[in-house]
1. Here's a check for you: in region 93-144, which residue that is free of Cβ contacts under 8 Å to residues at least 40 places away in the same chain and in contact with a helix residue (DSSP H, G or I) (Cβ under 6 Å, 6 or more places away or on another chain) is nearest to residue 272 (Cα to Cα)?
2. Could you tell me whether residue 121 is assigned by TED's automatic domain parsing to the domain that holds residue 77, surrounded by fewer than 18 Cβ atoms within 10 Å (Cβ to Cβ), out of contact with any Pro (no Cβ under 7 Å at 6 or more places or on another chain) and not basic (Lys, Arg)?
3. Mind listing whichever residues of region 113-138 are within 20 Å of residue 294 (Cα to Cα) and more than 26 Å from the chain's Cα centre (by Cα)?
4. Within region 149-241, considering only helices (runs of 4 or more DSSP H) that don't extend past its boundaries, which have at least 2 residues that are surrounded by fewer than 14 Cβ atoms within 10 Å (Cβ to Cβ)?
5. Would you please name the residue that is farthest from residue 179 (Cα to Cα), looking only at residues in region 73-92 that are of a type in the set (A, V, I, L, M, F, W, C) and without any contact (Cβ under 8 Å) to a residue 60 or more places away in the chain?
6. Against the conditions (1) under 18 Å from the mean Cα position of the chain (by Cα); (2) closer than 22 Å to residue 47 by Cα, where does residue 264 fall short? Just the number, please.
7. Hey, does region 166-174 have a residue that's among the polar types (S, T, N, Q), at pLDDT 95 or above and farther than 22 Å from residue 268 by Cβ?
8. From (1) farther than 30 Å from residue 163 by Cβ; (2) of a type outside the set (D, E, K, R); (3) under 12 Å from the mean Cα position of the chain (by Cα), pick out the condition that doesn't hold for residue 87.
Amino acid sequence: MKKLLTLSLVALACLSAQAQETKITLGMSGWTGFAPLTLAKEAGIFKKNGLDVTIKKIPQKDRHLAIASGDVQCAATTVETWIVWNANGVATTQIFQLDKSYGADGMVVKPNIAKISDLKGKTVAASAPGTAPWFTLAWMLKKNGLSPKDVKIVNLEPQAAANAMIAGTDGIDAAMTYEPYLGAVRAKPEAGKIIATTLDYPMIMDTVGCTPKFLADNPKAAKALADSYFEALEMIGKEPQKSFEIMGADVKQPADKFEASQKYLRWQDRAANQKFFAGEHAAFSKEAAELLLEAGVIKALPDMSKLADTRFLK
């Protein structure tokens, strides 16, 4: 009888722990930089920290729609994208930084293109306005005296854009893509050359953010989300092979290929986050917002003071 009572108490304790888990649906894509979030889920880190996280793969161009509809509460995307979402009425606040691209995002061109300024009047494959590949294109063009209006943009997602270059598709002179798809182009130099990456133009940085309502209602869960990410980075440091296998599986890469891909970015730990949000985030957001305004992607600036909440980095 005593044994049965003990087992019942254990079962009740387990049910109670499960009941306390905060449900979060997080929208993201299969990008190498986001992979520690997958690791946190698959390795049980989220669960250990009291979170029941569902990861939904949603193209960047549609992620804000999922937030607006209530399907997802949090998302991973590039820093400038939050400006676009907020400017278009989708209120969201960044709570921690995931990564900085160090060559993981880039522009691939046909062999006859010698420099970025040669793209005037040419056709470039890139995702829709308001996405990271489109913004990377706009940024690189601006730094070379051009604007998106000087090229013809064909909307293709990063994987399709890379595949178009590898296939030598007629009528496409350049493409914007990122790892792991950029790696496929690196492996086939005859398909085209990588003319510029974020090593040349350091401007792609990813963050996780949530709706203000979710943060107000679930501050402990928001803190647990950030803490889980930092724990996932610690796991990568301690168990790299196991971590690369789990993260690689999510983007259909063996561990060694994933390890090669992740060398083109830097995941940001807690100390790096604190430094980033102390000044760099606001300065970059200001420059990015000016470019987005100039390009007509946004009509007016959102409240720039509400783009980030640093409470959860302590």
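The values are calculated or read from the model by the stated rules, or taken from the named source; none is laboratory data. What you see is a predicted model; the values in this text were computed from it and never measured. We place every Cβ from the backbone using ideal geometry, glycine too, and count neighbours over all the protein chains shown.
1. Step by step, filter region 93-144, then rank; the result is 144.
2. So residue 121 fails the test.
3. Within region 113-138, 117, 119, 120, 121 meet the criteria.
4. In region 149-241, 212-217, 219-238 are the helices (runs of 4 or more DSSP H) which contain 2 or more residues that are surrounded by fewer than 14 Cβ atoms within 10 Å (Cβ to Cβ).
5. 90
6. (2)
7. There is no residue in region 166-174 that is among the polar types (S, T, N, Q), at pLDDT 95 or above and farther than 22 Å from residue 268 by Cβ.
8. For residue 87, the failing item is (3).
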